[in-house]
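A quick write-up on the structure given underneath.
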Amino acid sequence: MANPELFKSLKDLLLPYVDKGFTVVSDDETNFILSSVRPLVIEGRKFDQIYLAGVRNGKTSTVLHYFPIYGNPKMALDPALLKLLKGKTCFHFKKLDDTLSKAVSEALEMGYQAYKRNDWV
């Protein structure tokens, strides 16, 4: 398993959003996921919930799944964070320094504000 301290540090960056209308839908030693748990209609499609972000402790890295990027793939994310992007929404971390911590915090706030503007949370 990847670094438990790194997992906890990333999870700690997500925790403030529990007080902003998101619900913890998974929380164990390897997964932590936040979602807005309420029915939504997005572009004519019905959803029971919409995810904000999650952290997963994998075998070789700790992964931040950042779902707001689906709605805006050209989000102005920090280049240091973008270097860790593999696929569409998965950021693979081996360490978390101050620059990356700030970049994750800014990304989470951007996603939250976008969801709020759309009345999804």
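The values are calculated or read from the model by the stated rules, or taken from the named source; none is laboratory data. What you are looking at is a predicted structure, and each value in this text was computed from that prediction instead of being measured. So basically every Cβ, Gly included, is an ideal-geometry build from the backbone, and we count neighbours across all protein chains shown. We work out accessible area using only protein heavy atoms, side chains counted, and drop any ligands, DNA or RNA first. Shrake-Rupley method; radii C 1.70, N 1.55, O 1.52, S 1.80 Å.
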Write out, first by first residue and then by second, each pair whose Cβ atoms fall under 6 Å of each other, whose residues are 6+ apart or on separate chains, and whose first residue, in the range 9-24, is surrounded by 16 or more Cβ atoms within 10 Å (Cβ to Cβ) while the second is in a helix (DSSP H, G or I). 13/104; 13/105
Exactly one of these conditions fails for residue 70: (1) closer than 19 Å to residue 42 by Cα; (2) buried (at least 18 other Cβ atoms within 10 Å of the Cβ). Give me its number. (2)
Filtering the range 25-46 down to residues that are in contact with a Phe, Trp or Tyr (Cβ under 6 Å, 6 or more places away or on another chain) and either open to solvent by 60 Å² or more (accessible area, probe 1.4 Å) or in contact (Cβ under 8 Å) with a residue 24 or more places away in the chain (or both) yields 36, 40
Among residues of the range 101-121 being in contact with an Asp or Glu (Cβ under 8 Å, 6 or more places away or on another chain) and open to solvent by less than 50 Å² (accessible area, probe 1.4 Å), the residue nearest to residue 39 (Cα to Cα) is 107
Please go through (1) under 19 Å from residue 112 (Cα atoms); (2) assigned to a loop (DSSP other than H, G, I, E, B) for residue 95 and return the number of the only condition it doesn't satisfy. (1)
